[in-house]
Structure formats: C-alpha cells, structure tokens
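Enquirer: Structure below; questions to follow.
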Amino acid sequence: MPKEQTSAAAYTAKNAWTVYKDEAVRATMHSFCDDYIDFLSSCKTERETIAYCERVLKEHGFSSNPADRAYVTTLRGKALFALRRGSRPLSQGVHIIAAHGDCPRLDFKQHPIVEQAGFAQAKTHYYGGLRKYQWLARPLALHGIIAKDDGTVVPVCIGEQPDDPVFAIEDLLPHLAQKQVTQTVKEAFEGEKLNIILGNRPKEQKDGDEEGGSCPESVKSAILDLLFERYNVREEDFISAELQVVPAGRAAYVGLDRSLVGGYGQDDRICVYTALRALCDMDKDQDANCALIIWDKEEIGSDGATGASSRFFSYCLEDVLQAQEPATPLRHVHLASKALSADVTAGLDPDYQDAHEKTNAAALGFGTCFEKYGGSGGKYGSSEAHAEFFAELRGILNRRSIPWQAGELGRVDHGGGGTVALFLAAWGMNVIDCGPALLSMHSPFELSSVVDIYSAYMAYKAFYEA
C-alpha cells in the first residue's frame, strides 16, 4: 500500500520534547522546574505570591521609585505592577504580560468557629469555581492573616511544616451514602458542609467544677483558649481575618519520567512564575518597555480594588509617565501597547476526550498555548485577538524555535471560560491569551508539563525582547 503523502504546506504542532531534546537544555529545563516547584509549594495565597514576586524583583534591581528604569509597586499586598524601561519612549507602548495570583480555595467565614457533635469546626465559603468533593478527606493547611483592632497583624501558616498538624473536611462513609450516590454532584455536596475540623478534645474542668460535668461548647472553648495562648487572638479577631484553607504539602514531579509537575495553584501561578522569571532574565538592553501585572480576584470576575477591572494598572502607568514622560498622554501608551493575558487552558484529558474538540484542543507537552478567543457559547465574554497581532507572535516564537500550539477551552456549547484579556483590550491594546495547558484544572492537585512550563518562560521572554 503506498505511503500517504503529506503536503509541505500542512501544519502539525510539534511535541515540545522533540524540540528540547538536547540533554543540556533538558537539564536546564528541570532545574527551572525545581525552582518552580519550590515557588508553588511556598506561595499558596495571593499575599504570599505578591510578596515573593516583589522580593525577587527587588533582588534584580527594581525599586519603588517610578522615575527609575526598573520600577515595582504593589496594592494591598494582592496586586503588583513592575516596569522595565527600554530604549523606546513610552509613547510607543509597553509589552505587557498580565497574570493573576488568586486561586480557588476555601475562605473562613466572619464567624467561623462552631461546635457540632463534639467537634470544633470552622465554617468556610468557597472561592472560585471548584468541585467541592475534591476537598473532602484530604490534608489541608491554613494560610493568611488575622488583623486585630489595635493594628496588629498576625501571620498564620499551619499545616506545612513536618511537625505541624493539618486540617481536614470529613466525608460520609459509603455504608451510609445510599441516598447521596443517587443525587447530582451539586445536590450531594453542599457548600455549607465544607467545614474544617479544628479539634475534638473538650476543655478540661478546673478544680471546683462539678465533677463529670462539661460546659457548653467545651471543645470550641478549648480551641479558643489554644488560639489565645499560641497567637494571642480572640474569637472577635476572626471577624477581620483573611484565612484561607488550601491543600497541605509540597508540589512534586509526577510520573516515572518526571515529565509532569503536580501541585495546587498552577492556575495561574504557573504563569506568574514564568513571567516573573522572564522579566528578571530578559536582555536588559532591549528596545521595548516591558511590564508585568499580577492581578487578584480573577477567579471571581476580576472585580474589586485589586482585580483587573480596577484602575490600579492605569494609576501605575500615570505615575511612571509623570516621572519620566509627562508630555505623553496615558491613552497613547494604552493604544500602542501589546499584551499577553498569561493564563492557563484546559489540556486534552485522556479519560474525558469527549469534552474537547480534538482538532482545536491543547495538549500537554506541545508548548505554551495561544487562545485567540475565550468566553462561552457564541464567544460571549471574550476578547478576540486581531489576526495581525497573532501572526506577529507566531513569527517571534518561530524565529526562536520555541514550541507553541493553538487551542480553545473545550467544545463549543460545552463549557468555556474567561480571563483578564478583555480588561486589557478595553484600553484599545492588542492582547491574546497565552499560557500552558493543565489537567485537573481548579482541583487541589493540578498537572502541568515540564516542557510547557519551560516553553511558557521562553515565550514570555521572547515577547519581552521582541
């Protein structure tokens, strides 16, 4: 039977492992991912992420003075703007990479601590789009701050050190779940039952108490006493706390070949880290002005003071213009700028392939993914990239032999999702989504590809240096 002929004009995305096949490059790639795993393991909240990024940028010469050529500023510890000036005037625009530092999680309610059936528990409200059952019967950690009315802020991180206790949400045993297994997932797993177990030991009776008696809410009282003893906080202080429940433990390589990285928060901290490294490692003598933005609140619509719908980005640019080019109108910078909305996409799932349209699905191991449009249904809620800009980016990556692919988030009318791209597009600039594909997105243990992580870093660096 004659061999099928392939047209020289045909296109097939390249598996990134065939591009990065030199052993020295692969060693560099794994070293990069070693550092990424450390970052992912230590930065599990937006505050921790922003603090890490600000520290790294300042180690690389960024200052808090908008008149300097390398400038970084933050807002409320949850959003960050960094700019590295090139040789071009700001009126010719900025190369912007925008990512988000928030991730799906469980937040303590304002009155969190309750006692039920002999257990002290913390009531939570889930944040972002998550599948509730994935958070049951697994080790959890507590991160955040407790802000007291005297201005004191108490940092909290429990469940990450080897000798720390962890927390958990109990799950119903299968012997008693006959009703539950007949319900829909939404009915079977209620948000109000995502309660964190804090303890089970009642408060010990003092001398003079009635023998054998127990005070009301005795386990809760014991937990409150413990918190006061260790952290000097009272129950009222939890009303103004920001405490997040996240998966406990480190990120890790996955697979016998160590080709994947597994861990919590890769949507979107995989893009935060790769863009941060790209800005720090880029050629310092480049022509383009290059900026990094890390926003908060993307997982719940990008609203609020630290979200992409806020004026934080424009305020930062105004400060730089006032210090460096006061005659340049802000709108000229917006209109001349080019941006990558650095966010992840859904990878082709080997066990749920019917959720994707395979011709246009991103695949792990094929490089960073461009998405020309997002949204859902008839592209509602989307910012569609212009053809000329997409072609320009293809050329930048192709000339550097950086593997990339194009895709979309699921089948038409089957799902979809949004990013910060439309908020950047609202200023009139060119923008497109670009980031690695993930499996198990929004779960407590997301999966990414080692080569895609490195490809995203190289792509962001090339964009900055173009």
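Enquirer: Quickly run through the range 318-348 and pick out the residues that are open to solvent by less than 40 Å² (accessible area, probe 1.4 Å), under 27 Å from HIS100 (Cα atoms) and of a type in the set (D, E, K, R).
Expert: Matches in the range 318-348: ASP343 only.
Enquirer: Just for strands (runs of 3 or more DSSP E) wholly inside the range 176-275: which have at least 2 residues that are within 23 Å of ALA147 (Cβ to Cβ) and among the β-branched types (Val, Ile, Thr)?
Expert: So the answer is 241-247.
Enquirer: Moving on. It is to be established whether one or more residues within the range 30-48 are β-branched (Val, Ile, Thr), modelled with pLDDT of 95 or more and under 30 Å from SER302 (Cβ atoms).
Expert: The answer is yes; a qualifying residue exists.
Enquirer: Inspect the range 344-358 for any residue being of a type in the set (Asp, Glu), closer than 23 Å to VAL412 by Cα and modelled with pLDDT under 95 and give the result as yes or no.
Expert: Checking the range 344-358: at least one residue is of a type in the set (Asp, Glu), closer than 23 Å to VAL412 by Cα and modelled with pLDDT under 95.
Enquirer: Kindly list the number of the only condition in (1) surrounded by 21 or more Cβ atoms within 10 Å (Cβ to Cβ); (2) in contact with a Phe, Trp or Tyr (Cβ under 8 Å, 6 or more places away or on another chain) that fails for SER309.
Expert: With respect to (1) surrounded by 21 or more Cβ atoms within 10 Å (Cβ to Cβ); (2) in contact with a Phe, Trp or Tyr (Cβ under 8 Å, 6 or more places away or on another chain), SER309 is out only on (1).
Enquirer: Among the residues of the range 433-466, what is the count of those that are touching a strand residue (DSSP E or B) at 6+ places or on another chain (Cβ under 8 Å), surrounded by fewer than 23 Cβ atoms within 10 Å (Cβ to Cβ) and closer than 19 Å to GLY375 by Cβ?
Expert: Qualifying residue count, the range 433-466: 1.
Enquirer: If THR49 passes every condition in (1) in contact with an Asp or Glu (Cβ under 8 Å, 6 or more places away or on another chain); (2) surrounded by 18 or more Cβ atoms within 10 Å (Cβ to Cβ) but one, which one does it miss?
Expert: Looking at each condition in turn, THR49 falls short on (1).
Enquirer: So, one more: When you scan the range 11-30, how many residues do you find that are of a type outside the set (A, V, I, L, M, F, W, C), open to solvent by less than 60 Å² (accessible area, probe 1.4 Å) and in a helix (DSSP H, G or I)?
Expert: So the count comes out to 1.
Enquirer: Can you work out which of the residues in the range 365-405 that are among the aliphatic types (A, V, I, L, M) and surrounded by 13 or more Cβ atoms within 10 Å (Cβ to Cβ) is farthest from LEU260 (Cα to Cα)?
Expert: Selected residue: ALA385.
Enquirer: Being open to solvent by 30 Å² or more (accessible area, probe 1.4 Å), in contact (Cβ under 8 Å) with a residue 40 or more places away in the chain and under 18 Å from the mean Cα position of the chain (by Cα) narrows it down to one residue among ARG269, ARG250, ARG258; which is it?
Expert: ARG250
Enquirer: Can you say whether SER64 is farther than 26 Å from ARG400 by Cα, open to solvent by 30 Å² or more (accessible area, probe 1.4 Å) and either of a type in the set (A, V, I, L, M, F, W, C) or touching a strand residue (DSSP E or B) at 6+ places or on another chain (Cβ under 7 Å) (or both), as far as the supplied structure shows?
Expert: yes
Enquirer: Then there's this: Name the residue that is nearest to LEU243 (Cα to Cα), counting only residues in the range 135-191 that are over 24 Å from the mean Cα position of the chain (by Cα) and basic (Lys, Arg).
Expert: Filtering the range 135-191 for residues that are over 24 Å from the mean Cα position of the chain (by Cα) and basic (Lys, Arg), the one nearest to LEU243 (Cα to Cα) comes out as LYS148.
Enquirer: Among the residues of the range 408-425, what is the count of those that are open to solvent by 20 Å² or more (accessible area, probe 1.4 Å), outside any strand (DSSP E or B) and in contact with a strand residue (DSSP E or B) (Cβ under 6 Å, 6 or more places away or on another chain)?
Expert: 3
The values are calculated or read from the model by the stated rules, or taken from the named source; none is laboratory data. Because the structure is a prediction, the values reported are computed rather than measured. As a convention, Cβ positions derive from the backbone with ideal geometry for all residues, glycine included, and neighbour counts pool all protein chains shown. Surface accessibility is based on the protein's heavy atoms, side chains included, excluding ligands, DNA and RNA. Shrake-Rupley method; radii C 1.70, N 1.55, O 1.52, S 1.80 Å.
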